[in-house]
1. Can you give me the solvent accessible area of THR32 with a 1.4 Å probe, rounded to the nearest 10 Å²?
2. Report the Cα-based extents of the range 37-84 along its three principal axes, largest first, to the nearest Å.
3. Give the lysines reachable from LYS64 as a straight Cα distance under 16 Å; neighbours fewer than 8 places away on the same chain don't count.
4. Quick one: compute the contact order of the chain, relative version, from alpha carbon pairs under 8 angstrom and 6+ residues apart, as a percent.
5. So, counting K/R as plus one and D/E as minus one, what does the shell of residues with Cβ under 14 Å around SER17 add up to?
6. Quick one: in the range 1-64, what % of C-alpha pairs are over 19 Å apart?
7. Give the long-range amide H neighbours of ARG33: residues separated by 5 or more places, or on another chain, with amide H under 5 Å away, using H modelled in the peptide plane at 1.01 Å from N.
8. Mind grabbing the accessible area of ASP61 for me, 1.4 Å probe, Å², rounded to tens?
Amino acid sequence: QVQLVESGGGLVQPGGSLRLSCIASGSILGITRMGWFRQNPGKQRELVATFATSGSTAYADSVKGRFTISGARDNAKNTVYLQMNSLKPEDTAVYYCNSLSRGYNYWGRGTQVTVSS
């Protein structure tokens with residue numbers, strides 16, 4: 001089992017920045033990828049960015065050049081960050097941390113990001 005806890009969401013004006021953090025604990029040795037997804041009411045959850053333990057990253061076209069995903073690992077936990085710059089109102093959503101471990105997807109509870117003036 002992998003437990004994921006997100007933090008860093010909030011309200012920000014258009015053009016502003018936020019940094020999301022997600023800490024993975026538990027059975028972290030099997031984790032091969034961590035990432036961020038987002039979802040709005042009535043819409044499908046969509047991929048934002050992923051970070052593989054190999055170091056490779058992937059981004060949705062809508063966030064390329066504005067968002068940066070990075071990660072860190074120690075003996076007890078994995079951490080993944082999402083630095084979000086030049087935020088737009090359409091970035092408003094609940095952001096979920098995701099972890100892929102031994103073929104299973106694990107999810108955090110989500111953190112709300114609202115971009116509004």
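1. Approximately 70 Å² for this residue.
2. 39, 23, 17
3. Answer for LYS64, where 16 Å is the Cα cut-off: LYS88, listed by chain and number.
4. Working: 296 pairs, mean separation 44.0, N = 117.
Reported relative contact order: 38 percent.
5. Working: positive: ARG19, ARG66, LYS88; negative: ASP91.
Taking every other residue near SER17 into account, the sum is +2.
6. Values: 901 of 2016 pairs.
Roughly 45 percent, rounded to a whole number.
7. Here THR53, LEU100 satisfy the definition.
8. Counting only protein heavy atoms, ASP61 exposes about 120 Å² to solvent.
The values are calculated or read from the model by the stated rules, or taken from the named source; none is laboratory data. Quick caveat, the model's predicted, so the values are computed rather than measured. We place every Cβ from the backbone using ideal geometry, glycine too, and count neighbours over all the protein chains shown. When the accessible area is computed, the model is the full protein with side chains, heavy atoms only, and any ligands, DNA or RNA have been set aside. Shrake-Rupley method; radii C 1.70, N 1.55, O 1.52, S 1.80 Å.
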